[in-house]
1. Using the structure shown, decide if E497 is part of a helix (DSSP H, G or I), under 30 Å from E309 (Cβ atoms), out of contact with any strand residue (DSSP E or B) (no Cβ under 6 Å at 6 or more places or on another chain) and open to solvent by 70 Å² or more (accessible area, probe 1.4 Å).
2. Do we have any residue at all in segment 229-241 that's out of contact with any helix residue (DSSP H, G or I) (no Cβ under 7 Å at 6 or more places or on another chain), open to solvent by less than 60 Å² (accessible area, probe 1.4 Å) and part of a helix (DSSP H, G or I)?
3. On the given criteria, is L281 modelled with pLDDT of 90 or more, open to solvent by 40 Å² or more (accessible area, probe 1.4 Å) and out of contact with any Cys (no Cβ under 9 Å at 6 or more places or on another chain)?
4. Could you look through segment 324-343, keep only residues that are in contact with a Ser or Thr (Cβ under 7 Å, 6 or more places away or on another chain) and part of a helix (DSSP H, G or I), and pick out the one that is most open to solvent (accessible area, probe 1.4 Å)?
5. Going through segment 246-283 one residue at a time, which ones are within 23 Å of the chain's Cα centre (by Cα), farther than 18 Å from I400 by Cβ and in a loop (DSSP other than H, G, I, E, B)?
6. Within segment 23-139, which helices (runs of 4 or more DSSP H) (wholly inside it) include 3 or more residues that are modelled with pLDDT under 65 and either touching a Ser or Thr at 6+ places or on another chain (Cβ under 9 Å) or not acidic (D, E) (or both)?
7. Looking only at segment 297-304, decide whether some residue is open to solvent by 40 Å² or more (accessible area, probe 1.4 Å), acidic (D, E), within 24 Å of E425 (Cα to Cα) and in contact (Cβ under 8 Å) with a residue 60 or more places away in the chain.
8. Output the number of the condition that T559 fails; it satisfies all remaining conditions of (1) in a helix (DSSP H, G or I); (2) open to solvent by 80 Å² or more (accessible area, probe 1.4 Å); (3) modelled with pLDDT under 85.
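The values are calculated or read from the model by the stated rules, or taken from the named source; none is laboratory data. Computed from a prediction, not measured in an experiment: that's the story for all the values here. Note that we place each Cβ from the backbone using ideal geometry, even for glycine, and neighbour counts take in every protein chain shown. Side chains are part of the model used for accessible areas, which takes the heavy atoms of the whole protein and leaves out ligands, DNA and RNA. Shrake-Rupley method; radii C 1.70, N 1.55, O 1.52, S 1.80 Å.
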Amino acid sequence: MPFNLVLYKLRRDLYTPRLIITILPTDLSAVSKKKEMMGDMTHLGSLMAAVMFVWAIFGQLFPEKFQSDVMKYVNKVVSYVYPYVEITFHEYQADSWFERSKAFVSIERYLSTNSSNRAKRLKANVVKDCESVVLSMDDYEEVTDEFRGIKIWWTSSKSIPKQQAFFSYRGDEEKRYFRLTCKREHRDIITKVYLQHVLDEGKAIAVRTRQRKLYSNNKSENWSGYRRNMWSHIIFEHPSTFDTLAMDPKKKKEILDDLMMFSKSKDYYKKVGKSWKRGYLLYGPPGTGKSSMIAAMANLLEYDIYDLELTSVKDNTDLRKLLIDTSSKSIIVIEDIDCSLDLTGRRKEKKEESKEEEKDPVRKAEEEKDKKNKGSEVTLSGLLNFIDGLWSACGSERLIVFTTNFVEKLDPALIRRGRMDKHIELSYCCFETFKVLAKNYLDLESHELFSTISRLLEETKMTPADVAENLMPKSFEENAESCLNKLIQSLENAKEEARLKAVEDARIQAEEEAAKKIEQNDEKVQESDAKLGDGEGKKADQDTDIVQVADAKENGVLTE
């Protein structure tokens, strides 16, 4: 074992309390050997104590600058005779104190597979609400690994600053790191082959043990400091799958084929010069299964979900930052996009403003204050760049999903092909959708009441959510037939309500048309009265003119 590891273990053992169990052997030779070993350990301990005492005195007598110079030259001398190579992997790289090193994370996963069998001190992480425990190396622990007959030592440690600042940044806190030690003659194979093997194994372990997560973006005000966190997450455990998804089987197969084709088309997207992403627009009435569709997509492809709340995003710049902070193999979701922000008609706002309007200083200051106090300033242009602009190429293997209840309210540029590549309409429940729900909720594939339900579903509109609510038993006394009868009753009630609503709408429409006709007739009468009044007025004017002319002749003012 390398000498530095021996010193490291001895130093650790001095400060680690442990239980010593002594077994007395019956063989006297074994006793004598044991005494010799204990004597050697005593001498070694005494030597280590003396070295540590001398080092403590040295640290008290000489300044820190002098100590560092001495250690620099000592390390140079030792390097000439030291037969080992050491490689250190820090948890945080020098150029980024906010993101953990991917190499460190991969090594941590790789060592965790062996630490539970070889390490003596472990630390446990509980995941999935205490469903499982993940063991990894504790700090100041050492394990060995073998690769092609070569022995490698891994140690886990951390450096602690001498003084802790009240307001500390990453550089002032504990710095964890892994250190690899191997013999000099194995340097090439370790650096060129073994390290790549460790990183690949770490990634493979991450894929096997990966937990899907549901992310939600935090407000921009919470991004300050080195512990900034743009996204908060929970473990995603939604049970929805395409098997349980209630929709037309033909449309379901079409979506499945499209998703699987996308997940295996990395080289194709690179060939045609497109970012490896795809947009889906889910639209339809409330309760038609848009959220369940997204969950089924995530479970099928094993992707994380980023639920983007646009009202919490300050401006277009923060929107780009959020996009950069998302990972590959993910679904970026904006639900009810027509309600998130007013993204329609913004192109006309500047044109409709009056050019003659001049703002006085007081009004301008008030408007600037309102602008600061208002919420999101994300624009349609910024969202388009987020979906399909240059920034959308930062990452790969992503799905971008919009949901809306009113697709006609969205700007055509937002949902055109190339941005939202596939438009999926999720409509009211049909008979094929009902059969999937009956299988899920009642374990029924056929029943004598199915024909009645099929006829009623053609005559009225009911969402899959309402159908599922009627099929779900509400007590232990209810059975499949009672649930079907309850659904039939609900369909008949919905049909009657739709009939009454149609009658009421027809009555209101007839009244509006009658009122409109009366109004039109009144306008015609007023026009005719106005014309008649104009004619009588002209005749009266002519009579007046004749009288005036006759009077003028009598007075001798006019002559013939």
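1. Here the answer is no, as E497 does not meet what is asked.
2. Checked segment 229-241: no residue is out of contact with any helix residue (DSSP H, G or I) (no Cβ under 7 Å at 6 or more places or on another chain), open to solvent by less than 60 Å² (accessible area, probe 1.4 Å) and part of a helix (DSSP H, G or I).
3. It is false that L281 is modelled with pLDDT of 90 or more, open to solvent by 40 Å² or more (accessible area, probe 1.4 Å) and out of contact with any Cys (no Cβ under 9 Å at 6 or more places or on another chain).
4. It comes out as D338.
5. K264
6. Filter on segment 23-139 gives 28-61.
7. yes
8. Failing condition for T559: (1).
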